[in-house]
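Chemist: Got a structure for you, written out below as structure tokens; questions coming shortly.
The values are calculated or read from the model by the stated rules, or taken from the named source; none is laboratory data. Just so it is clear, the structure is predicted and the values come from calculations on it, not from any experiment. Cβ: placed from backbone, ideal geometry, glycine included. Neighbour counts: every protein chain shown. Just so you know, the surface numbers come from the protein's heavy atoms only, side chains and all, with ligands and any DNA or RNA stripped out. Shrake-Rupley method; radii C 1.70, N 1.55, O 1.52, S 1.80 Å.
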Amino acid sequence: MSSHPDVRVLQPHEELAPDAAASAPAVRPWTRLRIPRAVQLVLVPAAIIAVWIFLTHAELVDEVYLPRPDTMWDRVVTLRAELWEAILTSGSMILIGTLSGGLAGIFVGLLFGFSRVARDLFEFTLDVIRPVPIFALIPIFILWFGIGRTPQIALVALGVFLILSFTTIEAVRNVARIHVLAAMTCGADRLAIYRTVVVPSILPQILLGVRFGFIAAWGLDVAAEFSGSVHGLGFFMIVRGQYLDTAGVSVAVLIYCSMAIIVDRGLRFLSRRLFPWSPRGGHEDLAGEILGGRG
Amino acid sequence: MGRVPTTPSQALPQGSDERQSPVGLEVSDVSMKFGENLVLDNVSLSVKPGEFTCLIGASGCGKSTLLNLIAGFTKPTSGTLRAGGELIKAPGPERAMVFQDDAVFPWYTVHQNVEYGLKLRGVRREERHAATKSFIKMVGLEGREKSYPSQLSGGMRKRVDVARAIAVAPRILLMDEPFAALDAITKARMQEEFLDIWEKRQTTVIFVTHDIEEALFLGDRIVLMGTHPGRILSETIVPFARPRSEKTRTMPELQELRATLLQQLRISSAGGDAK
Ligand SMILES: Nc1ncnc2c1ncn2[C@@H]1O[C@H](COP(=O)(O)OP(=O)(O)O)[C@@H](O)[C@H]1O
Ligand SMILES: [Mg+2]
């Protein structure tokens, strides 16, 4: 009996560690096939790039549709001053817009959580405004703020504001009742409940909201720069597009992508470091493991 | 290894004796309805200061509902509840609660959870740390102070919960099946350690359990509740001398009382089913 590999005598006062149970999914995954990390990170991207180089250099695809890598590199070198300027412009606008809109959204969300009066006054209005497609507001923003940076920042800020107010309000709503009650029987007053229960329990969701906010911000920034702007990466793309310079446009797209990915990865890393207690802090995703998805 | 019984109560924050002295509890003609569902029917219960009362009854008979009323989370449909002569209006630290469900704060470590009430009360740092450490030791979680609840087993989390409530030093301690999820050995140890603290503190305790043996080992009195609607069927004084020990568990009188209570419990739940 004791030779059975799964049988282990528990010492007094010992319980099975939860990790032991969690690390082995009870349900067998659909496939046991595991792609090695090296293949995921290097081989697959390298293969895609190889196909790209082959298609373009063999001139199987016209350069207007798919630019050659060396042409793109050429654009980076020749237009680097222009690009650098555009990156700084767009980057700073996204940063300012996301920070201001995000902080305002979080503030409103927290205010709604704390004050019933605020909720009663503004909840309905905010619920109505939220689904409005923000891109539809671009012409109005241009009329209000003129052409330039102001309507762009305002657009990004508004979009991020809506996302973060929504996230924060929902997070506050979902604070577990039992935690609030527990805090009360430990002697917490309203402010203490807010400080020690509501805020810490919603922070991971807020950070997740910030990630979504940034993702929206890149798109909003591009859209704003497409229509009524004379600077930034979006404007750069429009200009290169008019020259039928697909390579130039692609360089801008790649820059956008890289910036977005770096920011998102950074925030995800931050979330794991700041909220080790949270399942959202980025531990394994058991459901994903079993269903064959990724954690 | 080396599980020498500790006496956490010696490390308790001193000074605020006044707010920590136990008070009695008076539940008078309390009925509770959820919609049309009558969950508590005219429940009356009188608890003396410092008394250890165990509530037993089939699940669904309204034990948690009664505890929630005493805690002040909900208001009764009719009747009154008084603690220390004062009407219970809202929850507060004078009536701390160990919930049936998991109520540990996941964003705090074990240490931070246990010191929560002390911190809110403004107990000074060194004093707080000493007290917190002793409570953690009491529930057998030394070495896990820095763990987050998600890294603990269900039984370990429950023990954090118990330590957190005791650390609040309430006048009435409400416990809703606190040891139900624990393995037998941990459970026995927790019961003994808890009695040890309680005897030094003399807090009033209302302890919900469905384990008759546990009720007999811990309580001064056992209140048996019946189902459909929830009501009090009988009260039994537990005659065993204190301090109670391992020996108490094996006393023939305890086994006799156990048999009697089990019989009553059987009849009450059978009657409930027949209706
Ligand atoms: N908030 C509630 N709303 C509606 N019904 C409830 C609520 N809380 C408890 N009940 C009902 O009251 C009865 C008693 O529940 P509870 O007090 O939890 O029983 P116990 O703790 O003795 O197992 C159950 O039938 C349950 O469905
Ligand atoms: Mg219950």
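Chemist: For the protein assembly as shown, rounded, prolate or oblate, judged on the Cα gyration tensor with a ≥ b ≥ c (square roots of eigenvalues), a/c < 1.5 rounded, else prolate if a/b > b/c?
Modeler: On the way: a/c = 2.82, a/b = 2.08, b/c = 1.36.
It is prolate, given that a/c is not under 1.5 and a/b is the larger ratio.
Chemist: Within 10 Å, at most 13 other Cβ atoms, and a DSSP state outside H, G, I, E, B define an exposed site. Report the longest part of chain B free of exposed GluC sites (Glu not before Pro). Mind showing how you got there, number by number?
Modeler: Values: sites that count: B:E36, B:E142.
In short, B:143-275.
Chemist: Between B:T204 and residues 5 or more places away or on another chain, which pairs have amide H atoms under 5 Å apart, with H built 1.01 Å from N, and which residues are they?
Modeler: B:V23, B:G50, B:L173
Chemist: Cα gyration tensor of the stretch A:23-175, axes a ≥ b ≥ c as square roots of the eigenvalues: rounded (a/c below 1.5), prolate (a/b > b/c) or oblate? Let's see the in-between values first.
Modeler: On the way: a/c = 3.00, a/b = 1.36, b/c = 2.20.
Note, shape of the stretch A:23-175 comes out oblate.
Chemist: Name the residues whose placed amide hydrogens come within less than 5 Å of the amide hydrogen of B:A96, ignoring near sequence neighbours (fewer than 5 apart) on the same chain.
Modeler: So B:A96 has HN proximity to B:R171, B:I172, B:L174.
Chemist: Just to be sure I understand: if you take the accessible area of chain B alone plus chain A alone and subtract the pair, with a 1.4 Å probe, what total do you get in Å², rounded to 100?
Modeler: Values: alone 12880 and 19010 Å², together 29410 Å².
For chain B against chain A, roughly 2500 Å² becomes buried.
Chemist: A further question on this structure: If the limit is 31 Å between Cα atoms, which of B:K158/B:K247; B:K48/B:K119; B:K146/B:K247; B:K33/B:K200 go over it?
Modeler: Correct reply: B:K146/B:K247; B:K33/B:K200.
Chemist: Mind giving me the nanometre distance, one decimal, between the label points for A:E170 and B:S147, set 7 Å out from Cα along Cα→Cβ?
Modeler: Label-label distance for A:E170 and B:S147, simple model: 3.3 nm.
Chemist: Can you give me the long-range amide H partners of B:R221? Hydrogens built in the peptide plane at 1.01 Å from N, cutoff under 5 Å, separation of 5 or more residues or another chain.
Modeler: B:F52, B:C54, B:V238
Chemist: Quick one: 3J(HN,Hα) in Hz for the stretch B:100-105, Karplus 6.51/-1.76/1.60 with θ = phi - 60°, rounded, Gly and Pro as x.
Modeler: Once θ is set to phi - 60°, the couplings for the stretch B:100-105 become 5, 8, 5, 10, 5, 6 Hz.
Chemist: For the stretch A:51-96 and the stretch A:220-244, what is the centre-to-centre distance using only Cα atoms, to the nearest Å?
Modeler: Cα centroid to Cα centroid, the span is 14 Å.
Chemist: By the scheme Lys and Arg +1, Asp and Glu -1, what is the net charge of all other residues having a beta-carbon under 14 Å from that of B:H210?
Modeler: Working: positive: B:K63, B:K187, B:R258, B:R266; negative: B:D176, B:E177, B:D211, B:E213, B:E214.
Net charge in that neighbourhood comes out at -1.
Chemist: Determine the shielding of peptide A:171-183 by partner chains: average, over its residues, the number of Cβ atoms on other chains within 10 angstrom of each Cβ. The partial results should precede the final answer.
Modeler: Working: counts 0, 0, 0, 0, 0, 5, 2, 7, 7, 3, 8, 16, 6.
The shielding value for this peptide is 4.
Chemist: With the contact rule set at Cα under 8 Å and sequence spacing of 6 or more, what percent relative contact order holds for chain B? Display every interim value, and only then the final one.
Modeler: On the way: 502 pairs, mean separation 72.8, N = 275.
For chain B, the relative contact order is 26 percent.
Chemist: Modelling each spin label as a point 7 Å along the Cα-to-Cβ direction, I'd like the B:N42/B:A184 distance in nm, to one decimal.
Modeler: Distance between the two pseudo-spin positions: 4.3 nm.
Chemist: With a Förster radius of 60 Å, plug the Cβ-Cβ distance of A:W144 and B:D101 into 1/(1 + (r/R0)^6) and report the FRET value to the nearest 0.05. Walk me through the numbers before you get to the answer.
Modeler: Numbers: r = 52 Å, r/R0 = 0.86.
The computed FRET efficiency comes out at 0.70.
Chemist: Any idea of A:S100's accessible area? Nearest 10 Å², probe 1.4 Å.
Modeler: The accessible area of A:S100 comes to roughly 60 Å².
Chemist: In addition: I'd like to compare B:166-178, A:261-273, A:225-237: which one has the highest average count of other Cβ atoms within 10 Å, and what's the full order after that?
Modeler: Values: B:166-178: 24.9, A:261-273: 13.8, A:225-237: 20.8.
Those peptides, ordered most packed to least, come out B:166-178, A:225-237, A:261-273.
Chemist: Along the stretch A:185-193, what does the Karplus equation 6.51 cos²θ - 1.76 cosθ + 1.60 (θ = phi - 60°) give for ³J(HN,Hα), rounded to whole Hz, x for Gly and Pro?
Modeler: 6, 8, x, 7, 8, 4, 5, 5, 4
Chemist: Can you compute the FRET efficiency between A:L191 and A:L267 using 1/(1 + (r/R0)^6), with r the Cβ-Cβ distance and R0 = 30 Å? Round to the nearest 0.05.
Modeler: For A:L191 and A:L267, the calculated efficiency is 0.55.
Chemist: Return the carbon/sulfur percentage of the accessible area of the stretch A:204-277, one whole number, probe 1.4 Å, all protein chains in place.
Modeler: The nonpolar share, carbon plus sulfur, comes to 71 percent.
Chemist: Per residue of chain B, what 222 nm ellipticity follows from adding -39500 (n - 2.57) for every DSSP H run with n ≥ 4, rounded to the nearest 500?
Modeler: Values: 10 runs with 104 residues, N = 275.
It comes out at -11000 deg cm²/dmol, rounded to the nearest 500.
Chemist: Also, quick follow-up: Per residue of the stretch A:36-47, what does 6.51 cos²θ - 1.76 cosθ + 1.60 with θ = phi - 60° give for ³J(HN,Hα)? Whole Hz please, x for Gly and Pro, Karplus curve as stated.
Modeler: x, 4, 4, 5, 4, 8, 10, 5, 5, x, 4, 5
Chemist: Over the stretch A:83-194, calculate the relative contact order: mean separation of alpha carbon pairs under 8 Å at least 6 apart, over the residue count, as a percent.
Modeler: Values: 84 pairs, mean separation 48.1, N = 112.
With pairs under 8 Å counted, the relative contact order is 43 percent.
Chemist: I'd like the distance separating the alpha-carbon centroids of the stretch B:83-136 and the stretch B:148-212, in whole Å.
Modeler: One Cα centre to the other: 13 Å.
Chemist: Peptide B:100-107: average number of partner chain Cβ atoms within 10 Å per residue? Before the final figure, lay out the partial values.
Modeler: On the way: counts 1, 3, 4, 9, 3, 10, 8, 13.
Taking the mean over all residues of the peptide, I get 6.
Chemist: Taking K and R as +1 and D and E as -1, what net charge do the other residues with C-beta under 13 Å from the C-beta of B:V110 add up to?
Modeler: On the way: positive: B:K133, B:K137, B:R144, B:K146, B:R157, B:K158, B:R159, B:R164; negative: B:E115, B:E142, B:E145, B:D161.
Once all neighbours under 13 Å are counted, the net charge is +4.
Chemist: Tell me the relative contact order for the stretch A:67-291 as a rounded percent, counting alpha carbon contacts under 8 Å between residues six or more apart. The partial results should precede the final answer.
Modeler: On the way: 241 pairs, mean separation 61.9, N = 225.
About 28 percent, as a whole number.
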